[in-house]
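The block underneath contains the structure these notes are about, expressed in structure tokens.
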Amino acid sequence: MGIVQRQGIRNTLISYVGLAIGFANTIFILPRLLSPAQIGLTAGVLVPLATIGAQVAAFGFASAGMRYFPFFRNQGRNHAGFLPLLLGLPLLGFTLVALLMWAGKPLVVHWYAAGSDAALLAAHYTVAIGLAGCIMLGSLQDAYLRALFHTSFSSFCQEVLLRLLLVGAAVAYSRGYLGFHGFVLAYTGAYAVVAVLLTGYLAAIGELHLRPTRAALRIKPLREMLGFGGFMLLSNISGTVLLNVDTLLVGTKLSLAAAGIYLIATNVSTALVLPFRALSKTAFSLIAEYWKEGDLGKMADFYRRSTRINTLLGCYLALGIGLNLPFIYGLIHRPEYAVGTTAVLLLLAGRLVDGITGVNGIIVATSPRYRFDLVFNASLAAAVVGLNWVLIPRYGLAGAAGAYCVALVSINAARTWFVWRTYGMQPFDGQIARVLAVAAAAGAAAGALPATGNAWLTLLLRGGTLTLVYGAGVLLTRTAPELAPLWAAVRARVARQ
């Protein structure tokens with residue numbers, strides 16, 4: 001895979017360092033230092049609201065930047081003034097969004113009218129406006145760095161540094177250096193630090209070109225970019241609804257405390273998506289290049305290989321998390337969070353399907369028929385809102401997770417069919433079936449082991465059995481050809497000894 005493989009491996013390593021920090025933050029720090037309602041407020045309400053505001057302000061220009069940058073690349077020393085074009089309109093849009101968020105405060109607070117929840121949100125609501133600006137600037141600069149194939153530093157800032165800063169804020173709050181409002185401000189400040197560091201990194205690599213030029217409007221018509229950005233805005237907003245509506249509705253239908261518990265369940269399942277996310281950071285720009293070159297053969301090969309790799313990693317991680325949930329929740333030492341166990345399993349199922357289907361969403365979003373991605377996302381967003389509206393009051397956290405699972409499975413089935421029907425590409429072959437069979441056998445073997453009464457010993461036995469059976473099955477069925485040279489070298493060394 002060349003540059004994708006190198007940067008994908010690097011991003012995966014960074015992601016897993018971030019995962020370790022995030023795991024400690026989620027399991028050891030935040031649940032012990034903050035109440036479920038406080039977690040529900042910060043990460044369950046303020047961050048989703050800010051993310052939606054950031055996407056509306058950016059007007060889809062993060063995706064448009066990666067889509068159109070190949071046409072601007074190397075057009076003069078400053079890529080024909082591409083960066084000012086990428087940042088200019090979103091900054092204007094943010095001014096309008098900030099005013100709308102400020103004016104909409106009474107309505108949003110009214111949604112959380114369950115006693116102290118409304119008062120807690122009202123006291124900190126305006127922080128979401130500044131947080132939206134920080135998220136917007138960070139996402140635009142991240143998109144620019146992806147287009148330049150400089151993804152590692154951005155991954156480090158977003159996956160590692162941001163989480164360290166959040167840990168630091170939580171510790172400062174717990175020791176009395178900050179009040180809770182100070183913690184919320186520090187939470188926002190962490191995102192601001194990331195945005196500032198990305199700006200500094202662009203300057204350090206000589207890519208911070210802020211002088212606007214008229215040439216930027218001649219290479220690709222602004223009207224075309226705005227049209228694509230508008231469609232991507234609607235598509236991205238739909239995707240954000242899919243990702244966040246469950247947490248938001250849990251808060252409104254149940255309580256902020258329930259939203260905090262559900263958010264912890266979501267974070268526990270996040271480990272599954274990290275390898276998928278690391279690959280997609282570079283895949284978007286690469287697939288955009290394939291469309292520019294008209295090389296559907298290379299695109300189809302990348303589609304198959306990335307799906308196989310995602311299946312290999314995803315099945316192992318999903319089984320490892322699902323089989324050891326009692327151990328994971330036991331580390332929190334607060335029984336109320338274990339209510340989210342069923343929700344974690346449903347979230348894992350949906351995210352596994354999302355990873356196995358590969359990069360279908362990126363193919364559709366960067367293709368000449370990118371408008372269909374909006375149809376998929378908008379339809380699913382409407383459906384998942386309806387499902388959450390019905391299921392949360394009846395089934396609580398499991399209803400929210402079930403709606404999310406149905407959404408991910410449905411949208412990926414539709415996208416996979418669309419790519420196959422329209423472009424003749426589909427990623428599934430006999431290797432995928434063999435991986436799933438190996439995963440089923442490994443999961444059954446590890447799951448059959450009874451609990452020993454010692455949480456750590458149970459973890460080692462189940463994890464070791466899963467790894468041994470899964471690894472042996474993958475090697476024997478030859479579903480990971482990348483491992484063949486390594487396995488041959490190990491066998492040769494053993495034979496010499």
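Looking only at residues in segment 469-497 that are under 29 Å from the mean Cα position of the chain (by Cα) and at pLDDT 65 or above, the one that is nearest to residue 316 (Cα to Cα) is 470. Can we say residue 312 is modelled with pLDDT of 85 or more, part of a helix (DSSP H, G or I) and under 30 Å from residue 148 (Cβ atoms)? Criteria met by residue 312. For residue 96, the test of being over 30 Å from residue 257 (Cβ atoms), modelled with pLDDT of 85 or more and surrounded by fewer than 22 Cβ atoms within 10 Å (Cβ to Cβ) is passed.
Restricting segment 392-406 to residues that are touching a Gly at 6+ places or on another chain (Cβ under 7 Å) and closer than 12 Å to residue 245 by Cβ, the residue that is surrounded by the fewest Cβ atoms within 10 Å (Cβ to Cβ) is 392.
In segment 356-472, counting only helices (runs of 4 or more DSSP H) that sit wholly within it, the ones holding 3 or more residues that are under 24 Å from residue 294 (Cβ atoms) span 360-366, 371-395, 397-423.
Residues that are at pLDDT 75 or above and either of a type in the set (Gly, Ala, Ser) or outside any helix (DSSP H, G or I) (or both) within segment 61-93 comprise 88, 93, listed in sequence order.
So which residues in segment 288-319 are touching a residue at least 24 places away in the same chain (Cβ under 8 Å), farther than 30 Å from residue 440 by Cβ and of a type outside the set (D, E, K, R)?
288, 291, 296, 299
Looking at segment 200-225, which of its residues are in a helix (DSSP H, G or I) and either loosely packed, with under 15 Cβ neighbours inside 10 Å or at pLDDT below 70 (or both)? 200, 203, 204, 215, 216, 217, 218, 219, 222, 223, 224, listed by residue number. When the residues of segment 365-390 are filtered to those that are modelled with pLDDT of 85 or more and among the β-branched types (Val, Ile, Thr), the one that is farthest from residue 268 (Cα to Cα) is 390. Scanning segment 9-42 for residues that are among the small types (Gly, Ala, Ser) and surrounded by fewer than 18 Cβ atoms within 10 Å (Cβ to Cβ), we see that the one that is farthest from residue 177 (Cα to Cα) is 20.
Of the residues 445, 480, 398, only one is among the aliphatic types (A, V, I, L, M), in contact with a helix residue (DSSP H, G or I) (Cβ under 7 Å, 6 or more places away or on another chain) and over 23 Å from residue 311 (Cα atoms); which? Just a single option satisfies the conditions, and that option is 398.
The values are calculated or read from the model by the stated rules, or taken from the named source; none is laboratory data. If you're wondering where the values come from, they're calculated on a predicted model, not measured in any experiment. Positions of Cβ are generated from backbone atoms using ideal geometry, with glycine treated the same way; all protein chains shown enter the neighbour counts.
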